[in-house]
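The block underneath contains the structure these notes are about, expressed in structure tokens.
The values are calculated or read from the model by the stated rules, or taken from the named source; none is laboratory data. The shown structure was predicted, so the numbers you read here are calculated from the model rather than taken from an experiment. Cβ: placed from backbone, ideal geometry, glycine included. Neighbour counts: every protein chain shown.
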Amino acid sequence: MGDGNAYHQAPETKAAAPTGCPVHATWSPLGADYLADPYPQARQLAAEHSIFWSEPLGHVVVTDLADIEHVFTNPDIYASTNVQDPIYPLCPAATDVLGADDFDPVAVMSNRSEPDHARIRVFTRKGFSNRRLKTLEAYMRTRATVLLDAMIESGSPAEYVGALAFPLPAEIVFRLLGFPESDDTMIKQWCVNRRAFSWGQPTEVEQVEIAQGMLDYWRYCRAFVAERRENRADDFTSELLDAWEADPGPDRDPEATTGISYREVESVVYGISFAGHDPVTSLLCNTLLCLLPRRDQWQALIDDPSLALNAVHETSRFESSQISWRRITTQDTTLGGQDLPAGTRLFLNFASANRQADVFENPDVFDIHRPEAAQNISFGKGIHFCLGAGLARMEARIALELLAERLPSLRLVDDQDYTYFPNITFRGPEELHLAWE
């Protein structure tokens, strides 16, 4: 974990507020009220200060959409190297587990700086090309139909996360990589643990358990890539290995400007397997949380299924499955009038930016006809724009189209309690109970 390009690098200490920055001594995105409903607090915090220091979080919080876009589009000043890191220092026992000689994934996509990011993205982008997405769409629709058939057959009410929203995205990304179906349950559990490690505040006991799971998963990914190295198949892992064999540039020369290393292939597999499904599960759920209580909106979708994609865009704005992201300054700079020294950790608050009144008309109104819905910041911007955005939107669109066609009477079960996994970035209900006539 000490390598400058290590996939995860835990901070050694909690940072101090930049000089002159407004300080909020108590607010944290891990607070119970914020986890339950971040938007009222996000609005109030943004009204008080567009930029402020959160003492419990140890980050400068950026609330303004223009400032967030500035951060995303200036990666030389605001690096993405910390986006997969734990928020807080790790306990010694967890550090020891991750200090294993063979735990050495490297940053490859969301957390790799230029020029290496551009070099690697040439290869990772191919996995999410329009050609591959079109190939996957038929599988998505077929698999979603099978899962929906089973949910309908089981009868109303049903729990949607377990029935469709969790298995569908996971199975799609696992099939993309080539993982065998028999390993799905095991891999899903490892991925959930990653969410707590990088974006939560686990106890010391939990840290050790999660660290061991991450080590096991990294070993699984390495063994899988090694097997594919000997036995190629029609999957993305094999394509990456083909690219590595054609040009293993960094394995020959650490300063290479082309090619992809073998360790980077292993690390891409390790990274995509989480990023490609867990946030998508939340997106599938959040679309229904937004649509079903608004029967006029749901009926509009039933009457015109072509509205499904804009409904997904509007959900990403109004009730995003990713409500923040992080950056770290590489040099002294000024953002929104606030001087920030090099090494300042930033918390980019999408919950405020996506409902900014001077950008979105009536921002607290959910409207699937909203013309500017796609302008939300939930998938990022610039060179680190989410590689899987098209895949995520396609999955959510297909699920909505099928549900509107097959279950027009679909509704949320009354008086259910929604619980959210405690973390600073990913937001979606852990369970979602649905009913129909």
When restricted to Asp96, Asp101, the only residue surrounded by fewer than 14 Cβ atoms within 10 Å (Cβ to Cβ) and assigned to a helix (DSSP H, G or I) is Asp96
Among helices (runs of 4 or more DSSP H) entirely inside the range 137-256, those with 1 or more residues being among the basic types (Lys, Arg), free of Cβ contacts under 8 Å to residues at least 24 places away in the same chain and exposed (fewer than 15 other Cβ atoms within 10 Å of the Cβ) are 249-252
Within the range 354-396, residues being in contact (Cβ under 8 Å) with a residue 60 or more places away in the chain, surrounded by 15 or more Cβ atoms within 10 Å (Cβ to Cβ), hydrophobic (A, V, I, L, M, F, W, C) and more than 28 Å from Pro167 (Cβ to Cβ) number 2
If you go through Gln84, Gln9, the only one that is modelled with pLDDT under 95 and buried (at least 20 other Cβ atoms within 10 Å of the Cβ) is Gln84
In this structure, does Gln338 turn out to be modelled with pLDDT of 95 or more and over 30 Å from Ile302 (Cα atoms)?
yes
Filter the range 380-431 for residues that are in contact with a Ser or Thr (Cβ under 7 Å, 6 or more places away or on another chain) and of a type in the set (A, V, I, L, M); the one that is farthest from Asp85 (Cα to Cα) is Leu402
Pairs returned, first residue in the range 14-34 that is outside any loop (DSSP other than H, G, I, E, B), second residue that is polar (S, T, N, Q) and surrounded by 14 or more Cβ atoms within 10 Å (Cβ to Cβ), beta-carbon separation under 7 angstrom, 6 or more apart or interchain, are His24/Ser54; Asp33/Gln41; Tyr34/Gln41
By residue number, the members of the range 313-346 that are in contact (Cβ under 8 Å) with a residue 60 or more places away in the chain and among the aromatic types (Phe, Trp, Tyr) are Trp325
Restricting attention to the range 16-68, the residues that are touching a His at 6+ places or on another chain (Cβ under 8 Å) and among the aliphatic types (A, V, I, L, M) number exactly 2
Condition set touching a residue at least 60 places away in the same chain (Cβ under 8 Å) and not in a helix (DSSP H, G or I), scope the range 262-307, selection surrounded by the fewest Cβ atoms within 10 Å (Cβ to Cβ): answer is Pro293
Got at least one residue in the range 41-53 being in contact (Cβ under 8 Å) with a residue 24 or more places away in the chain, surrounded by fewer than 22 Cβ atoms within 10 Å (Cβ to Cβ), under 21 Å from the mean Cα position of the chain (by Cα) and in a helix (DSSP H, G or I)?
-> no
For the range 379-391, does any single residue satisfy the condition of being modelled with pLDDT of 95 or more and of a type outside the set (A, V, I, L, M, F, W, C)?
no
Note on the range 347-381: residues within 17 Å of the chain's Cα centre (by Cα), outside any helix (DSSP H, G or I) and not polar (S, T, N, Q) are Phe347, Leu348, Ile377, Phe379, Gly380, Lys381
task: Considering every residue within the range 27-37, establish whether at least one is surrounded by 14 or more Cβ atoms within 10 Å (Cβ to Cβ), of a type in the set (S, T, N, Q) and touching a Ser or Thr at 6+ places or on another chain (Cβ under 9 Å).
output: yes
Filter the range 341-351 for residues that are in contact with a Pro (Cβ under 9 Å, 6 or more places away or on another chain) and crowded, with 17+ Cβ neighbours inside 10 Å; the one that is farthest from Asp296 (Cα to Cα) is Thr344
Discussion item. So for the range 153-162 (the condition being closer than 21 Å to Asn286 by Cβ, at pLDDT 90 or above, aromatic (Phe, Trp, Tyr) and touching a Ser or Thr at 6+ places or on another chain (Cβ under 8 Å)), does at least one residue qualify?
Written reply: no
In the range 382-424, residues that are within 24 Å of Ala351 (Cα to Cα), of a type in the set (A, V, I, L, M) and in a helix (DSSP H, G or I) total 7
